[in-house]
Ligand code: THU
């Protein structure tokens, strides 16, 4: 038997000014989206902004529902909106931010498993890594270069064929 070991990596910035201008703008758009999240049940507000290869930006936020499983995360709202209106255009970067009044979110929140799978789908389609930029309620920012760093050994469409 062989044990295989995989390495994941992310980069941490200690302040916003360490980022490129276009990433600062994308984070700003994600925070704007966060402000209009519909999260009356969790009070956990998440905002996402997707930058496409054609430089269009699509925003999303979490949309909750009294029937809890009918809600959806911010990341999927943003990514599906981008793909619905710009099918096949590569997603370059997604910024995701979160805040809640209930406690202090000192570290960035990472996408849930379902959102990782959705991001993986579009990364596989384009064949280029999607950068994921994350921020909570502090200056600390995490930058992740490619979904494999969040979803190692991912399932993708190629697994459905011989
Ligand atoms: N949520 C997101 O929008 N994105 C994530 O990555 C994690 C969780 C939302 C779902 C739900 O509305 C609330 O946060 C609490 O789980």
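The values are calculated or read from the model by the stated rules, or taken from the named source; none is laboratory data. Quick caveat: nothing in here was measured; it's all calculated off a predicted structure. Using ideal geometry, Cβ is built from the backbone for each residue, glycine included, and neighbour counts are taken over all protein chains shown.
Cβ-Cβ distance below 6 Å, separation of 6 or more or different chains: which pairs start in region 33-47 with a residue that is under 16 Å from residue 76 (Cβ atoms) and more than 7 Å from the ligand (Cβ to nearest atom) and end on one that is outside any loop (DSSP other than H, G, I, E, B) and at pLDDT below 95?
No pair meets every condition.
Looking at the structure I just gave you, is residue 93 at pLDDT 95 or above and out of contact with any helix residue (DSSP H, G or I) (no Cβ under 8 Å at 6 or more places or on another chain)? Break it down into steps so the answer makes sense when it comes.
Working: at pLDDT 95 or above: yes; out of contact with any helix residue (DSSP H, G or I) (no Cβ under 8 Å at 6 or more places or on another chain): no.
So residue 93 does not fit the description; no.
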